[in-house]
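Nothing in this text is a laboratory measurement; each read-out follows from the coordinates by a stated rule. Keep in mind that this is a model prediction, so the values were computed, not measured. Don't worry about glycine lacking a Cβ; one is built from the backbone with ideal geometry, like all the others, and counts go over all protein chains shown.
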Amino acid sequence: MGDQVLDLFPPGSTVDQATGYLTVAGVPAPELAEAYGTPALIVDENAVRARARRYADGLAARWPESRATFASKAFPCTAVYRLLAEEGLGIDVAGGGELTLALAAGADPAGLVVHGNAKTEEELRLAVEASAGLVVIDNFDDIDKLERILAEPRYRGREQGVLVRVTPDIRPDTHEAVSTGQSGSKFGLLLPDAERAIARLRGSDRLRLDGVHVHVGSQILDTKPFAQAVEAVAALGEFDVYDLGGGLGSRYTYGDHPPTVEEYLDAVIDVARRQLPSAARILIEPGRSMVAEAGFSLYRVVSVKRSGGHTFVAVDGGMGDNLEVSLYQQRFEATVATRVGGGEPCRLVGRHCESGDTLSADVPLDDPRVGDLIAVPVTGAYTYSLSNNYNGARRPPVVFVRDGRHRAVVRRETYADLMRRDLP
Ligand SMILES: *Cc1c(COP(=O)(O)O)cnc(C)c1O
């Protein structure tokens, strides 16, 4: 049991022989709780770097004219942008906020891909002003707005590279809230509309149509939808750039067996070799699978209550720092950090005033007591980005661990932070 839950923590995580403590990147969990308090989001820096290299090198080995791009909404924290920019990845941003963060972290503007189904004129102007490499056209209004911006005298002679986002009518087997490739999706243009947008952009002298983009959803656990997506964009004709999106799933629980990065790359590049022009440039945009498994959350038990046949183990965080359960019914495993694995089934719940504030409805915990540390693995993706101040929760710190050392890259919010935007 101990070994099984350990497998969900970053590679190299151990149970310290002397103390029995969960130890990640050489750092025992209690040391992190002592230094930064709880709840805390811990990230194994080397695990993120290793995953970035696996994506970048694996893609380059299969298709040299290519780039791996981090879909930053999965973890939009300046330190994470910096780390992935250092690894040479491009950065996907949706909206002015992520664009600003990426630039602040030193990302190369030429490697920015600007997404969104509702980009305001202000946001598009920010992208043009920053010389963002690619803007992804999601609707005809994007074209109108960009044409208008680029007609301004200050941008005389400028050409903005764009991709057209295509909705191929593929419905991957994932939660409805994170499926984006089906007809009826709010994202992208269905094939006939995509063809109209392409024709219009080919006639534009301010927008340069570089190619097409497709992204069919998130937490996808088989390779088929990815291969189908490549076939769909291939059918649109020949372009310089094909952006194949993200969406590879992560292993949250024992029954999840997502394709490996290599299996995923083999599947998409196999179709690409047969159906895309050999001189084309391929982009991929992993988000979740870049960071999810590198992170874990650390909580402290506040109360243990036996009621109605359940053992409720209540911790000092919950839906304020992890909305994945409420939004997508994501299953998470957990362990007492000082007695790893095993135990009786418990209902691990948060501190927020909703019954849905459950981190795990049924997870074994070994004799949980008030004051114990609970570690929840695979929380590196979409937890920081979706964290909130519900019930006045102070958003947790982000702590990087590496080679036996640790450092906070984001501090915990303070109660004063909760009032910082108030006006007198
Ligand atoms: C969210 C998103 C991604 C990343 O999806 P993951 O499931 O996190 O890999 C990639 N591209 C676009 C356009 C997205 O919106």
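Quick check: the angle from helix 224-234's long axis to the longest principal axis of the chain, C-alpha only, nearest 10 degrees? The angle comes out at about 20 degrees. Note on the chain: dipole from Cβ charges, positive end direction compared against 209, 223, 189; the farthest Cα belongs to 209. Working ranking of peptides 369-376, 338-345 by packing, defined as the average number of other Cβ atoms within 10 Å per residue, highest first, is 369-376, 338-345.
Restrict the search to the range 110-159; then list the trypsin sites (Lys or Arg not before Pro) that DSSP places in a loop and that have at most 13 other Cβ atoms within 10 Å of their Cβ. The qualifying sites are 156, 158.
Spatial offset of the range 72-87 relative to the range 1-28 amounts to 26 Å, using the alpha carbon center of each. Residues whose amide H lies under 5 Å from that of residue 112, counting only those 5 or more places away or on a different chain, are 91, 133, 134; hydrogens are built 1.01 Å from N in the peptide plane.
Considering only 48, 383, 414, and ranking their Cα positions along the charge dipole of the chain that arises from unit charges at the beta-carbon of Lys, Arg, Asp and Glu, the one farthest toward the positive end is 414. Per residue, the average separation of C-alpha pairs within less than 8 Å and at least 6 apart gives the chain a relative contact order of 20 percent.
Counting lysine pairs in the chain that sit 8 or more residues apart in sequence, or on different chains, and whose Cα atoms lie under 21 Å apart gives 5. For residue 164, the residues whose amide H sits under 5 Å from its own are 137, 211, 212, 213, ignoring neighbours fewer than 5 places away on the same chain, with H placed 1.01 Å from N. What you get for the range 108-286, charging only the Cβ of Lys and Arg (+1) and of Asp and Glu (-1), is a dipole of about 420 debye around the Cα centre. With only Cα atoms counted, the range 108-286 has Rg and Dmax values of 16.5, 58 Å.
This ranking places 319, 290 by how few other beta-carbon atoms lie within 10 Å of each, fewest first, which gives 319, 290.
What shape does the range 278-332 have by the C-alpha gyration tensor, where a ≥ b ≥ c are the square roots of the eigenvalues, rounded means a/c under 1.5, and otherwise prolate means a/b greater than b/c and oblate the rest?
It comes out prolate by the Cα gyration axes.
What base-10 log of the normalised intensity I(q)/I(0) is obtained for the range 243-371 from the Debye formula, alpha carbons as equal point scatterers, at q = 0.15, 0.17 Å⁻¹? Evaluating at q = 0.15, 0.17 Å⁻¹ gives log10 I(q)/I(0) of -0.77, -0.90.
Computed from backbone phi with θ = phi - 60° and the Karplus coefficients 6.51, -1.76 and 1.60, the 3J(HN,Hα) list for the range 83-97 is 4, 6, 5, 4, 7, x, 7, x, 10, 8, 10, 10, x, x, x Hz; x is used for glycine and proline. 3J(HN,Hα) along the range 161-178, derived from phi through the Karplus expression 6.51 cos²θ - 1.76 cosθ + 1.60 where θ = phi - 60°, amounts to x, 9, 10, 9, 7, 9, 9, x, 6, 10, 10, x, 7, 8, 4, 3, 5, 10 Hz, with x in place of Gly and Pro. In percent, rounded to a whole number, the relative contact order of the range 363-424 is 21, using alpha-carbon pairs under 8 Å and six or more apart. The H on the amide N of residue 410, modeled in the peptide plane, is under 5 Å from the matching H of 398, each at least 5 residues off or on a different chain. Helical runs assigned H by DSSP (4 residues or longer) give the chain a calculated mean residue ellipticity at 222 nm of -8000 deg cm²/dmol, each run adding -39500 (n - 2.57) before division by the residue total.
Going by how many other beta carbons lie within 10 Å of each one, how would you line up 335, 69, 253, fewest first?
By the 10 Å Cβ count, ascending: 253, 69, 335.
Considering the chain at the alpha-carbon level, its Rg and Dmax are found to be 22.4, 71 Å.
Rounded, prolate or oblate: pick one for the range 99-166, where a ≥ b ≥ c are the square roots of the eigenvalues of its C-alpha gyration tensor, a/c under 1.5 means rounded, and failing that, prolate if a/b is larger than b/c, else oblate. It is oblate, given that a/c is not under 1.5 and a/b is not larger than b/c.
3J(HN,Hα) along the range 99-112: 4, 5, 5, 4, 5, 4, 7, x, 5, 6, x, 4, x, 7 Hz, from the Karplus curve 6.51 cos²θ - 1.76 cosθ + 1.60 with θ = phi - 60°, whole Hz, x for Gly and Pro. Looking at the range 358-424, the chymotrypsin sites (Phe, Trp or Tyr not before Pro) that sit in a DSSP loop and have at most 14 other Cβ atoms within 10 Å of their own Cβ are 415.
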